[in-house]
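The values are calculated or read from the model by the stated rules, or taken from the named source; none is laboratory data. What you see is a predicted model, and the numbers here were worked out from it, not measured in a lab. FYI the Cβ positions are ideal-geometry reconstructions off the backbone, even for glycines, and counts take in every protein chain you see. Heads up: the accessible areas ignore ligands, DNA and RNA and are worked out on the full protein's heavy atoms, side chains in. Shrake-Rupley method; radii C 1.70, N 1.55, O 1.52, S 1.80 Å.
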Amino acid sequence: MQILEIFSKKNWVLLKAMVATDFKLRYQQSFLGYIWSVLKPLMLFTVMYMVFVRFLRFGDAVPHFSVGLLLGITMWNCFVEASSGAMISVVNHGDLMRKINFSKFVVVISAMMSALINFGINFVVVVIFALINGVELHLSALMILPLTLELIVFSLGVGFYLGALYVNFRDLNPIWEVVIQAGFYATPIIYPLSMVVTNLGPQWGPLISKVMLLNPMAQIIQDARHFIISDQNPIIWGSFNHSVIDFIPLVLSVLLLFGGISYFTRKSKTFAEMV
């Protein structure tokens, strides 16, 4: 597979240089600099918390829902940053592609790595916030490691498709912004799944809440809340009568990754000419 070329010395050095440069330049001209990596999600969390938790009383019945809200926003922002960065990565590095020969996968993976660094910083803030709010962390919290891996797999799969498509379709950027907004509200981040059951009633509520968990991002976020914050957060495992259905989000993520790699490989042959 061509993607394995990223492990060559030349591509690996280039990948590290891209990630380091992006991280250094991101807030270079701002007064607070790298602090914005933490402040941005915290500011969004504050707005969401005041509106949906304090004013509209979302998640009253869910233990430490405010911590779950911050965790959900942090994980969602990682996906948004990785996928959006991957989308424009090929076009933004067009000059580099015309000058030197390297694996085109590097530009997409560098966007994922940059998002992952920010996620790591913000996750530390989530842990501190959880401890302040009395959340008892157990060994089950280590499930964040495989869940983060699944988040990477899903984000890269989406990113490879977007990066290849954006070369030919520059209108994809505003379209993706709309999709991201719709996805944010379709994923149980600012509201608990129990609210879906309550609002839709006993006939449709339980079914719709289970179907929502088939979304890989919903499954990842709910699993993280379940294992880190409280086991009262419902997860997909054991929700359906057939255990095979429980693996649908994971399978979708893996298929999306391999499909994205295949599509990106085919399209990468003409990147230098198109950008």
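Answer with yes or no whether ILE152 is at pLDDT below 90, open to solvent by 30 Å² or more (accessible area, probe 1.4 Å), closer than 24 Å to ASP22 by Cα and part of a helix (DSSP H, G or I).
Values: at pLDDT below 90: no; open to solvent by 30 Å² or more (accessible area, probe 1.4 Å): yes; closer than 24 Å to ASP22 by Cα: yes; part of a helix (DSSP H, G or I): yes.
No.
Could we say that LEU162 is in contact (Cβ under 8 Å) with a residue 12 or more places away in the chain, closer than 30 Å to HIS93 by Cβ, buried (at least 22 other Cβ atoms within 10 Å of the Cβ) and of a type in the set (A, V, I, L, M) here? So LEU162 fits the description; yes. Number of residues in segment 80-94 that are touching a residue at least 60 places away in the same chain (Cβ under 8 Å), open to solvent by 10 Å² or more (accessible area, probe 1.4 Å) and closer than 20 Å to ILE152 by Cα equals 4. What pairs come up if the first residue lies in segment 58-75 and is over 10 Å from SER194 (Cβ atoms) and at pLDDT 85 or above, the second is among the polar types (S, T, N, Q) and open to solvent by 10 Å² or more (accessible area, probe 1.4 Å), and their beta carbons are under 7 Å apart, counting only those six or more places apart or on different chains? As it stands, the answer is PRO63/SER230; PRO63/GLN232; HIS64/ASN133; HIS64/SER230; SER66/ASN133; VAL67/ASN133; GLY68/ASN233; THR74/ASN122, since those pairs meet every condition given. Scanning segment 195-211 finds no residues that are within 16 Å of the chain's Cα centre (by Cα) and either surrounded by fewer than 20 Cβ atoms within 10 Å (Cβ to Cβ) or of a type outside the set (A, V, I, L, M, F, W, C) (or both). From the list ILE180, ILE220, ILE229, the lone residue that is within 14 Å of the chain's Cα centre (by Cα), open to solvent by 10 Å² or more (accessible area, probe 1.4 Å), in contact (Cβ under 8 Å) with a residue 40 or more places away in the chain and closer than 25 Å to ASN122 by Cβ is ILE180.
Taking segment 122-149 as the search range and keeping residues that are within 13 Å of the chain's Cα centre (by Cα) and free of Cβ contacts under 8 Å to residues at least 40 places away in the same chain, which one is least open to solvent (accessible area, probe 1.4 Å)? That would be THR148. Within segment 165-177, the set of residues being open to solvent by 90 Å² or more (accessible area, probe 1.4 Å) and either within 21 Å of ASP95 (Cβ to Cβ) or among the aromatic types (Phe, Trp, Tyr) (or both) comprises PHE169, ARG170. Do we find that PRO202 is at pLDDT below 90 and more than 19 Å from GLY59 (Cβ to Cβ) in this structure? For PRO202, the condition - at pLDDT below 90 and more than 19 Å from GLY59 (Cβ to Cβ) - is met.
Among the criteria (1) touching a Lys or Arg at 6+ places or on another chain (Cβ under 6 Å); (2) farther than 24 Å from MET87 by Cβ, the one ALA272 does not fulfil is (2).
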